[in-house]
Each structure stands twice: as structure tokens, then as C-alpha cells.
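Step one of this worksheet: look at the structure below.
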Amino acid sequence: MKSTVFRFLYKLIIVSAFIFVFGQCSSVKSVPQSNSVHGEWEPLFNGKDLKGWTAKVHHYDVGDNFGNTFRVEDGIIKVRYDQYEGDFNDRFSHLYYDKPFSYYHLVVEYRFVGKPYPSAPSYTIENSGVMLHSQDPRTMPKEQNWPISVELQLLAGIKEGESRPTGNMCSPGTDVVYEGKIDPRHCINSTSKTYFGDQWVRAEAIVLGDSLITHIINRDTVLRYTRPQIGGGVVEGYDPAIKRDGKLLKEGFIALQSEGQPIDFRKVEIKNLRGCMDPKAFNYSKQFIKSDPSACIFTPSN
């Protein structure tokens, strides 16, 4: 029964994508999300170490996890700055999973802890994110500050009585179509509640190639937009050959962000939605919603 509900939900989201593309619908509705189905989710974080992940810190070569910024303790990916010295110097960092994805459902659970590094920019207080459809970190020069990507921005409340939603969209080096047109804003706020303190929050993104992206916070849909593409500003120090404005982002890497605020990630799981949809193949799965005939296997492996 649960798998049937999931398939129906994803098909419903695809229909919504076409509605958005033709500008016939722009409202954000609450869509409750069911629990994970055993066997359909793949943990990207093994709970032990950073195997399968690569760090890129601004001003440093790819693979140099400066200051042990990203570490695993107590089964949690922790972002910390206790080994930093001197000025923060815009040492923005990202931890990339080593495999790109195109159609997928991502789940992360996060919480903010402690205080930001003293000289980090003020906007980084209780601020982090998850980068979607990111460029390969190996294509980033040492002095590129942010990856070209679409960000699922994570925020926490700072002052009681002041709204500060999480699950927003930010666009370093990218553009998205929102409410029928390319939105010039760097960040678009979601409709989520404001979450204070060090409570764990569940953030999800359902990414359908270069069509629809849906943000979900604590099982409520809070933002939807379409046609992610290279463009916009904010990113500096990039290779011009990589930043081809107007190019639709059909796939990319997933990365956890470090901006100067300590944060924990205890879950990073993905459900791949693209694969073999031929029932005659050995690796056919009902969870796929995007066909990839090249992935089909018709003979058993030895």
C-alpha cells in the first residue's frame, strides 16, 4: 500500500510540473509525505566516516578538508570551526557526494548548534544549506567562492516574533522559473514555519531533472519552482567555460554547506527516481518515474 501511495504522489508531482511550466498554477499547497519504504532509500552517509564524499573549501584545492571542517562524530556529520584561526576570510565550504543525480528524492535531517565563527558574515548566523544540481567540485578553481548550483537554504529563527522560514531557494550562479517567469531574486522564501533552537528539522527536495523542484519541510510542501538553469550572479572566481548562462541543469551533485555556522546532519538519504522501467529487465523497479533504457539489464550478472 505504501509503495502505491509513493508512486501516486510522484506522478501527481510530475503533472504539477507541466502545470507550472505552462503558467497555469503558482500556489503552494501542503502535501503530506508518507514514511520511507524499506529498500527504496539509499543512505548517502554511512554513519561512520566521509567515504564517498569530497570537500571543497574556498581558497583551497578540492579534497582539502581544511581545519577538519567536516567530520563524523557520534554518527553525525558535524560542521565545525574549532581548528580555524584568524579571520574567517570567506572560507565557505561544501561537502559533495561523489555521484551526480538527475531525478531523485533527497532527505536530510539537520540542526543548528553553537555560535558562528566570530568573523563570519552576519548573514550566516543560523544559516546553511544543501546544494542541488551542483557543478562538479573538480571543475572549481581554488578561488571560486560558491558552486554553481541551486540551494535548498536552511535557516533557523533568531528573534522571537520574527519570521525566518527555512527550505528557501537561493541561486548561486543560477536562475529558476517561479510563478511563470525567471525570478531575479537571489533567494525566494518558502512558506515554512520558523524553527528555533537546536531542534532537528527534516528537509526534503524532490528534483525532477530540469523541470520541477519541490521543497518539503517536516513533511509539508513549502516551495516549488521549475527550469533550473545556469545564470545570475553571486558566484565569483569561476571558470568561464563552466558558467554557460541559459544552460538547463538536468543533473548535478549534492553538497552540504558550511558558511561559518556550526550545524549537524544526522541523515542524508536519497531515492533515485530514474532507472529501468522495463518490466522484463532484472533491475526493473516500480519506484522509477523517469525511464533510462540504458540502465536496463536483461541478463543475470555472474
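Under the criterion of Cα pairs below 8 Å and six or more residues apart, the relative contact order for the range 86-163 equals 32 percent.
By the compact-protein rule of thumb, 2.2 N^0.38 Å, the alpha-carbon radius of gyration of the chain corresponds to a ratio of 0.98. The angle between the Cα long axis of helix 2-21 and the longest principal axis of the Cα atoms of the chain comes to about 80 degrees, rounded to the nearest 10.
Only Cα pairs under 8 Å and 6+ residues apart enter the sum, and on that basis the relative contact order of the range 85-236 stands at 25 percent. Only one residue of Ile254, Pro240, Asn218 has its Cα farthest out toward the positive end of the dipole of the range 212-302, where Lys and Arg carry +1 and Asp and Glu -1 on Cβ, and that residue is Asn218. Normalised by the number of residues in the chain, the mean separation of alpha-carbon contacts (under 8 Å, six or more apart) gives a relative contact order of 25 percent. Magnitude of the charge dipole for the chain, about its Cα centre and with charges confined to Cβ atoms of Lys, Arg (+1) and Asp, Glu (-1), is about 1120 debye.
So if I take the centroid of the Cα atoms in the range 47-82 and the same for the range 89-157, what is the distance between those two points in Å? After rounding, the separation between the Cα centres reads 12 Å. The GluC sites (Glu not before Pro) of the range 93-163 that DSSP puts in a loop, and whose beta carbon has at most 13 other beta carbons within 10 Å, are Glu143, Glu160, Glu162. Here the Gaussian network model covers the chain, with springs between Cα atoms less than 10 Å apart; of Asp49, Asp98, Asp220, Asp49 fluctuates the most.
None of the figures in this text is laboratory data; all of them are computed from the coordinates on show. Because the structure is a prediction, the values reported are computed rather than measured. Glycine gets a Cβ as well: all are built from the backbone with ideal geometry, and neighbour counts include every protein chain shown.
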